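Colleague: Quick one: the structure is below, and I'll ask about it shortly.
Computed from the coordinates by the stated procedures, all read-outs in this text should not be read as laboratory data. The structure displayed is predicted, hence computed values, not measured ones. Heads up, the Cβs are rebuilt from the backbone with ideal geometry, glycines too, and the neighbour counts pull from every protein chain shown.
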Amino acid sequence: MTFVPVSSVFDAPLESEVSLRGWIYRHRSSGAIVFAVLRDSSGIVQVTLKKGNVPDEQLEAARAVSMEASVEISGRVYEDKRAPGGREVRASSFHIVGQADVYPITEYQSEELLLDNRHLWIRSREQTAVMKIKASVLAGARDWLREQDFTEVTPPILTQNACEGGTTLFKLKYFDRDAYLSQSAQMYLEALIFSLERVYSITPSFRAEKSRTSRHLAEYWHLELEEAWVDNRGNMDIQEGLVTAMVERVLNERKEELLMLRQDIEPLRDVRPPFKRMRYAQAIERLREKGFDLKWGCDLGAAEERALTAEETVPVFVTNYPKECKAFYMKEDDEDPRTYACADLLAPAGYGEMIGGSERETDLAKLLARMEGQEICTEPYRWYLDLRRYGSVPHSGFGLGVERVTKFICGIEHIRDTVPFPRTVSRVYP
Ligand code: 4AD
Ligand code: MG
């Protein structure tokens, strides 16, 4: 028997014979008829089983089947205005592949119960839609980066470096030494530009974030890029191109999924170059006008980012952050040495930071002085500092949070719903 995807029922000639397999999504019986809605990776379709059309014992099996049991059915395609999508399959055979216990998830459930049953909840149509959209985000990125001559590389996850500072590191025993789970591949990518010039990686990154926010995960997917011979402006152009390609890919192949998430498609069409650009100094000016009490030098948090972009449909770059709120490896800005040649890219509609990036400091003396000022032990960075000793070149790079981008594109409130198995301060099960 050749099985076809559930979605193909809606293109099949009327009265043609189809065989489907999937899971029982909904189910009820009324007198001599059993109505089941069958779900597979492509969608859902109504199946009706009527006495006389299917053998009696199969009809009884269908009557008794539980939600989420796996089944195989054959039947013919008919129009039916009341069925989802306007068609149904009238079954001639029905077989249970895997029976199901009483399903623990019913219509109204607490968030905690859904998280405890995440291994089952990921079957939901909303979660399925998000995972498909996320796959398109990644595919759009990979294809675009290839076109732009970037080479995908595979940096390590176990490391001795604290790229983004010591406070959010997961420490572990590495044989008889200490090591950390990587927060960022940046330094390894910097080493790789000396042969490959334009590189990127997509890896898990780990942050021991104690705060419970709707935009922090302890484990997230990080798309990082590093480019030789590129300054911070060029770096921003690449970010623009990349984010546009991601959104475009989703708009091209995931409209149905966006609709299912009730996400408004129109504003997403505005995500294309040029993105807005403002300096940190302008950003805090604007925020002060909105009543924020901000001093030069303080970092922008979620509330500030939300206020800056609430009315926007286009992403916004904030450039030239003061040195005191960013990492030691960033290049000092030529025109304003109080700041770095850096940019954060904020998503529209208040979704907040999606990308952090900068030109990198290549001046060894400046790097060493900053590390000393911040009491960073140079020993684990010996190799990194070496990169400034052997044919150093101007270069820039950035890190994009794949879940942050997915959250924005899908219009999802909480970042945990952009990963199948979220890791947060309170959860590492299932
Ligand atoms: O701004 P961050 O900390 O920058 C870096 O790690 C650089 N070393 C990257 C680079 O230049 N190669 O992180 C980059 C992005 C953020 O903009 C955000 O989108 C995401 O990673 N991110 C998180 N996403 C989910 N949960 C968290 N806890 C995140 N922390 C950062
Ligand atoms: Mg950042």
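Colleague: Positive end of the charge dipole of segment 182-316 (Lys, Arg +1 and Asp, Glu -1 on Cβ, about the Cα centre): tell me which of Y220, A303, L192 has its Cα farthest that way.
Modeller: A303
Colleague: Quick one: helix 125-147 against the long Cα principal axis of the chain, what's the angle to the nearest 10°, folded into 0 to 90?
Modeller: Here the helix axis deviates by roughly 50 degrees.
Colleague: Now a separate question. Out of residues 5 or more away from S93 or on other chains, whose amide H comes under 5 Å of its own, with H placed 1.01 Å from N in the peptide plane?
Modeller: Distant-sequence amide H within range of S93: S74.
Colleague: When we measure straight from the Cα of K290, which aspartates and glutamates land under 18 angstrom away, once same-chain ones fewer than 8 places off are left out?
Modeller: D299, E304, E305, E311, E312
Colleague: Under the classification rounded if a/c is under 1.5, otherwise prolate if a/b is larger than b/c and oblate if not, where does segment 1-89 fall, given a ≥ b ≥ c as square roots of the Cα gyration tensor eigenvalues?
Modeller: Here segment 1-89 falls in the rounded category.
Colleague: Thinking of segment 199-309 as a set of Cα atoms, what percent of all their pairs are more than 25 Å apart?
Modeller: Tail of the P(r) past 25 Å holds 45 percent of the pairs.
Colleague: Follow-up. Report the trypsin sites (Lys or Arg not before Pro) located in segment 365-399 that are in a DSSP loop and have at most 13 other Cβ atoms inside 10 Å of their Cβ, or state none.
Modeller: Listed in order of number, the matching sites are R389.
Colleague: Taking a quarter of the surface of the Cα convex hull of the chain, what do you get in nm²? Kindly include the intermediate steps, with their values, before the conclusion.
Modeller: Working: hull surface 101.3 nm².
Over all viewing directions, the chain projects a mean Cα-hull area of 25.3 nm².
Colleague: Run the helix sum for the chain: -39,500 (n - 2.57) per DSSP H stretch of 4+ residues, divided by residue count, reported at 222 nm to the nearest 500 deg cm²/dmol.
Modeller: On the way: 12 runs with 123 residues, N = 430.
Rounded to the nearest 500, it is -8500 deg cm²/dmol.
Colleague: A follow-up question, please. Calculate how steeply helix 186-196 sits against the longest principal axis of the alpha-carbon atoms of the chain, using the helix alpha-carbon long axis, and give the answer as 0 to 90 degrees to the nearest 10.
Modeller: The helix 186-196 is inclined about 80 degrees to the chain.
Colleague: Also, I was wondering about something else. State the extension gain, in nm to one decimal, for the chain segment bounded by Y174 and R288, taking 0.36 nm per residue of separation less the distance between their alpha-carbons.
Modeller: Contour length minus the Cα-Cα distance gives 36.3 nm.
Colleague: Just want to confirm a number: the relative contact order over the chain, from Cα pairs under 8 angstrom separated by 6+ residues, in percent.
Modeller: Numbers: 843 pairs, mean separation 59.0, N = 430.
Over the chain, the number comes to 14 percent.
Colleague: Taking 19 Å as the cut-off for C-alpha to C-alpha distance, list the pairs among K171/K331; K295/K326; K331/K366; K134/K255; K134/K171; K132/K276 that go past it.
Modeller: From the list (K171/K331; K295/K326; K331/K366; K134/K255; K134/K171; K132/K276), the Cα-Cα distance tops 19 Å for K171/K331; K134/K171; K132/K276.
Colleague: Sticking with this one: Mind listing the phi-derived Karplus ³J(HN,Hα) values for segment 67-77, rounded to whole Hz, using 6.51, -1.76 and 1.60 with θ = phi - 60°, and x for any glycine or proline?
Modeller: Going residue by residue, I get 4, 6, 5, 9, 9, 10, 9, 10, x, 10, 8 Hz, with x marking Gly and Pro.
Colleague: For D143, project a label point 7 Å along Cα to C-beta. Then give me every residue of segment 211-249 with its amide nitrogen under 15 Å of that point.
Modeller: What the label zone holds, given the 15 Å backbone N cut-off, is 242-249.
Colleague: Mind checking the full-extension length gain between L120 and R389? Use 0.36 nm per residue of separation minus the Cα-Cα distance, one decimal, nm. Could you put the intermediate results ahead of the total?
Modeller: Values: separation 269, 0.36 × 269 = 96.84 nm, distance 5.30 nm.
Taking 0.36 nm per residue and subtracting the Cα distance, the gain is 91.5 nm.
Colleague: Also, quick follow-up: Within segment 342-430, report the GluC sites (Glu not before Pro) that DSSP leaves as loop and that have at most 15 other Cβ atoms within 10 Å.
Modeller: E375, E413
Colleague: Which whole number of Å³ per residue matches the convex hull of the alpha-carbon atoms in segment 92-251?
Modeller: Cα convex hull per residue, to the nearest whole number: 227 Å³.
Colleague: Which order do peptides 57-70, 97-110 fall in by mean Cβ count within 10 Å, highest first?
Modeller: Those peptides, ordered most packed to least, come out 57-70, 97-110.
Colleague: Still on this structure, please answer the following. Would you mind checking which residues have amide H under 5 Å from A343's amide H? H placed 1.01 Å from N; only 5 or more apart, or other chain.
Modeller: G357, S358
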